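Computed from the coordinates by the stated procedures, all read-outs in this text should not be read as laboratory data. Fair warning: this is a prediction, and the values are worked out from it, not measured in the lab. Here the Cβ is made from the backbone with ideal geometry for all residues, glycine too, and neighbour counts use every protein chain on show.
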Amino acid sequence: MKCIVRSLHFVLTVALLFVSAADLKAVPCTAGTTFHWSSDVLRWGGNDVWTFGSGYIDGYYMWYWRPKVTTTSTLNGQVLFGRLNVIAYAGYGEEAVNQWHDAPQNVGTGLYGVSNIIEYLPDPGCDAISPINNSESLGVSRPYITGLNGIWWLGGGSDPANGYYNQGALTANKNCGAGDICNETPYWTVTLNPQKISLSCTVCNSNVATSLVPSQSLGDITILIDIGGFQSPAFAYTVNAPYRMSSSSPYVLDQTYQDGYWSYIYYRTYDLFGNAMPSIALNEQFGAFVNDQANNWAKPTAGGLSQYGGYDWWDNMYMYNCSSCSPPVQNPQNPLTNNRVDHAAQSWRIGSSTVGSGVLVQNNTHQRYTDHGRHTNIVSPVN
Amino acid sequence: MPYRRTFLSVAFLCVVAQASALAQQPTPQDFYGFLLFHRALSHEITTRAAAGLASAERLENTAIARYGVSHDDFTRISASIEPVFARLKAIDQEAMAYKATAGANPNVTILQALYSRRLAVLSQSMEALRNNMSPTSWAALTAYINSTLRIHRR
């Protein structure tokens, strides 16, 4: 009897096992059902990097599965704080989501990565399916500014057509990838010495800087762009300016011309940083002439020079073809005389050929003698 | 010339096919995927806004740009979501109740019927949203769901 009971128990157990197996086959749980997932790193704004992973089930058997997502987010291979194997579960018919939005301005630049394991947890009786393993990454770099990193201060006024520009074009480069969304328009700020330049616009893709006053040192002005809070590196900017004049070799050359003389006073112009400046417009201006002796010499007229070759230019002090001059004009003597005729304050401005315009770089005395001319009492730089 | 005509015909068909793909309405399933996506995004925007973060507005503007819809239509999308999920949830609860009674041997016909009702809710909701949005916004959103979103949601 005991043996029969045991046999019956065995038969029932086997039968139950077969029923369970039949149940499993009866509920494959995948027919008409789609297992969705997402795993990505997106640039969702200039200063927004979105890492996420998600999973959900849709279809006839969507109520027999629960999604689970395990996500790790990294930056440059380092796990972002608190983002190692973060697990999200969802109920039947729901979506399991892990998502973070990072601001590259705060978190940093480089390669953002996300690794997701998306699992679909079956109800008892449903066959398991393989999880999805997926990793994605996205490089994020700072925006930056391009353009020449300096302009000239030439005393204000319009931009002279001599290659020394008092305005410069700047372009914002968002530095976003093709698939990135960087829809913000760059915001421009002069962060250091903003009084030295003006920008043509604040919220724009390209800009024009105009000089207002000269720099004190190289790169003493800094400009930033900002896209959604993500700032570019500082763009160092300089407003250069003519600064001083210095005699060049030969300093003077006195030449005989007809009954009188040509005295060439040679100069080079230097910028704020000691660089000799090639051809740039300049002009002279005279104060009142003071006679050193009674004379009837015609007074020179102040003039300007729009351009010249190379670096050297000269002031031509001359007097000739003047038979009625009193005192009489002479050819350069050897040695030169010290017979002063008249003198006037003379100032030199660089950046314009218009008398009185440009940057004042030198004051001197314009001294005329009967046989030559000279600049004396030279003060350069002036400021 | 016959070759050329054939080529032009093929090219024309390709253009027509592309245009129809763009104009094709999303499936209810794709629309559901979009709703899930938008709900997660809205949650982030709402969280930021509640914290007083300026980035909430930026994120919303980015989403508007990404979808290609107007601000007003974006608001309409956001407003339409939770009622849809509420209706879906009711069906889900019904399905769960059925599952509890059916045990390990559910009648797949009943599951199909429940799922069909879900799809019907999604179709109706999609149609309602379409009618509530400008044609331009809807066309842009359709293109977004049918192209960009499909890349991210597999």
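Spacing of the modelled spin labels on residue A:34 and residue A:382, each 7 Å from Cα toward Cβ, amounts to 7.8 nm.
Could you go through region B:81-97 in sequence order and give the Karplus-derived ³J(HN,Hα) for each residue, using 6.51 cos²θ - 1.76 cosθ + 1.60 with θ = phi - 60°, rounded to whole Hz, and x for Gly and Pro? Taking θ as phi minus 60°, the curve returns 5, 4, x, 5, 5, 5, 5, 5, 4, 4, 5, 4, 5, 5, 5, 5, 5 Hz for region B:81-97. Using alpha carbons only, the radius of gyration of region A:144-240 set against its Kirkwood radius gives Rg/Rh = 1.01. Sequence-ordered 3J(HN,Hα) estimates for region A:214-223 from the Karplus curve with 6.51, -1.76 and 1.60 and θ = phi - 60° stand at x, 6, 9, 8, 5, x, 7, 10, 10, 10 Hz, glycine and proline given as x. Seen against the Cα atoms of chain A and their longest principal axis, helix A:2-26 is set at about 40 degrees.
The Rg/Rh ratio of region A:263-322, with both radii computed over alpha carbons and Rh defined as the Kirkwood radius, is 1.07. What the pair-distance distribution of region A:32-140 shows, using all Cα-Cα distances binned every 10 Å from zero, is 16, 43, 25, 13, 3 percent. Each listed q (0.13, 0.14 Å⁻¹) maps to a log10 I(q)/I(0) for region A:264-383, found by the Debye formula over equal Cα scatterers with no solvent: -0.55, -0.63.
Remark: C-alpha extents of the protein assembly as shown on the principal axes read 157, 65, 49 Å, sorted largest to smallest.
For the peptides A:37-47, A:126-136, the ranking by packing is A:37-47, A:126-136, with the highest mean count of neighbouring Cβ atoms within 10 Å listed first. Distance between the modelled labels on residue A:213 and residue A:306, one decimal in nanometres: 3.3 nm (7 Å Cα→Cβ projection).
The trypsin sites (Lys or Arg not before Pro) of region B:38-144 include none that meets both conditions, a loop assignment by DSSP and at most 10 other Cβ atoms within 10 Å of the site Cβ. In terms of Cα atoms, the Rg and Dmax of region B:57-154 work out to 17.0, 50 Å.
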